[in-house]
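Enquirer: Let me give you the structure first, and then I'll get to my questions.
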């Protein structure tokens, strides 16, 4: 998979819905505040898989 043009690992972030609690991971467009190519997160492994799908090393768990 390829990230949106001009986006990289530094642009990957998660967002959670206040209403449903659903968490998404994707590329944050700082100009619009929109999450691009977002997918639902059900576990920390989903976040790591998102990074790896784009060829990035996932951040270390804290």
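Only the coordinates and a few stated rules stand behind these numbers; no lab work does. Values in this document were obtained by computation on a predicted structure and should not be read as measured data. Don't worry about glycine lacking a Cβ; one is built from the backbone with ideal geometry, like all the others, and counts go over all protein chains shown.
Enquirer: Let me check against my output: what whole-number percent is the relative contact order of the chain, with C-alpha pairs under 8 Å and at least 6 apart?
Expert: 26
Enquirer: Shape call for the chain from the C-alpha gyration tensor, a ≥ b ≥ c root eigenvalues: rounded (a/c under 1.5), prolate (a/b greater than b/c) or oblate? Don't skip to the answer; put the middle values down first.
Expert: Working: a/c = 1.84, a/b = 1.09, b/c = 1.68.
Oblate shape, in that a/c is at least 1.5 and b/c is the bigger or equal ratio.
Enquirer: Roughly what would the spin-label model give for residue 31 and residue 1, points 7 Å off Cα along C-beta, in nm?
Expert: Using points 7 Å along Cα→Cβ, the separation is 2.3 nm.
Enquirer: Could you check the simple spin-label distance between residue 53 and residue 39, using points 7 Å along Cα→Cβ, in nm with one decimal?
Expert: 0.2
Enquirer: While we're looking at this one, here's another question. Rounded to the nearest 500, what is the 222 nm mean residue ellipticity of the chain from helices alone, with -39500 (n - 2.57) per DSSP H run of 4+ residues and division by all residues?
Expert: Helix contribution divided over all residues of the chain: -4500 deg cm²/dmol.
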